[in-house]
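One structure is given below, encoded as structure tokens.
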Amino acid sequence: MLGGTFDPVHLGHLRSAVELLEVLELDRIHMVPAKVPPLRGTPQVTPEERLALLRLGIGDTPGLIADPRELERDGPSYSADTLASLRSEYGSQARLVMALGHDAFLRLADWHLPQRLFELAHLVVIDRPDFEAPLPAALAELIEGREVDNPRALMQRPAGSLLRLALPTRMAISATEIRQRLAADRSVRFLLPEAVEARILANLLYHCR
Ligand code: ATP
């Protein structure tokens, strides 16, 4: 599972997902847009539109799924609920992985039921350029004794471990930067898939109105 606001989806998300599939030898990745992200302001683009952009971005990429399950729930989009729903779908013995970037990982102790996340899945933290801050104390406590240093060790059990991964292609692309560029009428070419760029420009999704 790779959750996020995807506001909008970009090549940092998509390339990371493809490399995660390969490095961890996963069957598939559910990319799950948050309907109501609990720890940030309401996105200016609707969940349905963010999902539509995600679908366009994924296109026919093998193994990547645009998963609408958080749009079907009311209230804040907690990852613990999403993982519980995936766990009941795949069964107690499936190896389930929640991937997140290092920036998101740094705030993990503030998430809803952070211990529960480890009961439901492994956590894989993707290195991102420019996000090298030291771990907060509450986070260090939360992950104590969970860290493994390779994918094989992670896949020994269905859930409960943490792996930090430097994927082959680290991209310093962020949705914040893309929104700022669009609002200022600057180019976003090659930061996101062409079809996503085309829909954003055609519908003036992130432009000042
Ligand atoms: P924003 O700039 O609006 O915070 P973002 O680019 O970080 O957005 P999100 O939708 O918040 O995108 O990210 C979803 C997940 O993907 C998070 O776990 C985030 O850390 C991760 N992620 C985002 N961009 C990258 C990237 N360039 N490389 C690796 N992981 C990324």
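Using packing as a proxy for protection, rank 75-82, 31-38 so that the peptide with the highest average count of other Cβ atoms within 10 Å comes first. Before the final figure, lay out each step's value.
On the way: 75-82: 18.5, 31-38: 21.5.
The peptides rank, most packed first, as 31-38, 75-82.
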Report ³J(HN,Hα) in whole Hz for each residue of the range 19-30, in order, from the Karplus equation J = 6.51 cos²θ - 1.76 cosθ + 1.60 where θ = phi - 60°; Gly and Pro get x. 6, 4, 3, 5, 5, 8, 6, 7, 6, 6, 10, 8
Between the range 23-87 and the range 159-209, what is the separation of their alpha carbon centroids in Å? 16
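Report the longest stretch of the chain that contains none of the GluC sites (Glu not before Pro) sitting in a DSSP loop with at most 14 other Cβ atoms within 10 Å.
Numbers: sites that count: E25, E132, E144.
That would be 26-131.
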Under 5 Å, built H, 5+ apart or other chain: amide partners of G4: V32, A34
With runs of 4+ DSSP H residues as the only contributors, calculate the mean residue ellipticity of the chain at 222 nm using -39,500 (n - 2.57) per run, divided by the residue total and rounded to the nearest 500. -10500 deg cm²/dmol
With each pseudo-label sitting 7 Å past Cα toward Cβ, what's the S92-Q115 distance in nm, one decimal? 2.0
Once you place label points 7 Å from the Cα toward the Cβ at R186 and R107, how far apart are they in nm? 2.3
How tilted is helix 47-58 with respect to the longest principal axis of the chain? Cα atoms for both, answer in degrees (0 to 90, nearest 10). 80
Just to be sure I understand the model, the point goes 7 Å from the Cα along the line to the Cβ. What's the resulting R170 to E132 distance in nm? 0.7
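Just so you know, all these numbers are worked out from the coordinates, no wet-lab data involved. The model shown is predicted, which means the values in this text are computed figures rather than measured ones. Cβ sites come from the backbone with ideal geometry, for glycine too, and all protein chains shown count toward neighbours.
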